[in-house]
Amino acid sequence: MIEKGDSMMKKSDILGLNVNIIYYRELKRLINEYLGNDSLNRITFVGKDMLAMARENEDYRNKLEENDLVLLANRDLVTNQEDAAPIFQNAITNYNKLMEVLSSIRESKTVLLLYEQEGDEEMIARYIKRKMPRARIIEQLCLDIEHSMESVINSINAAVPDIIISTIKAPEQEEWIAKECNKLNSKLFLGFGGITDQIKKSMKKDNLFIRVIKRMISYIKRIF
């Protein structure tokens, strides 16, 4: 089911969740608008598990749809839906495309990484540095039982990051940001919690490819 909307951006009902259909140029315009205003805008990427949760839980679905943009993390999520698949043909359905938009911004932006699982911060930090070389990661905060909600919010507001990147798992990520968004001094929230495992797999593949290339170069140098 396709809902009519702006000529550059519409919505599609994917398993009961309203997902944005947005193209590169419009996404770039919106990102620049978000980073230039004084309020916190939210973009969340949804994966298969999040779609399933949204279908079963109306409250969770409503929290997801409160985001400014809800984007598919993978085109495979609509390949079996005859009505939606053609509409998403050239739309943003991959988190890497969002990172391409962010990397095209000339001004250096500050990033705060919000995570809950030890080890995630190192992997995501490498991913950010690779995809957004001009960005500065100014703080990494762990949202766990050792840190009160108040202390996390205070740390974010003291840092005043342009962008908050979250790898908190779903549905906790959506519940947290829906409750606390009005208290946060930042411009853009990126919810990657539902696709953290996907990013990890991608990073491992990239690292393996880089190692193979380095070995090939080393081998060629020895030969010649």
Based on the Cβ-Cβ distance from ASP13 to GLU175, what FRET efficiency comes out when R0 is 30 Å, to the nearest 0.05? 0.85
Give me the number: length gained by fully extending SER155 to GLU118, i.e. 0.36 nm times residue separation minus the C-alpha to C-alpha distance, one decimal in nm. 11.5 nm
So, in nm, how far is label LYS97 from label ARG136 when the simple model puts each one 7 Å beyond its Cα toward the Cβ? 3.2
At a 10 angstrom cut-off on C-beta neighbours, averaged per residue, how do the peptides 103-111, 186-194, 158-166 rank from highest to lowest? 186-194, 158-166, 103-111
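Every read-out reported here was derived from the displayed coordinates using simple, explicitly stated rules and does not represent laboratory data. Computed from a predicted model, the values in this text were never measured in an experiment. Please note: Cβ atoms are built from the backbone with ideal geometry, for glycine as well, and neighbour counts cover all protein chains shown.
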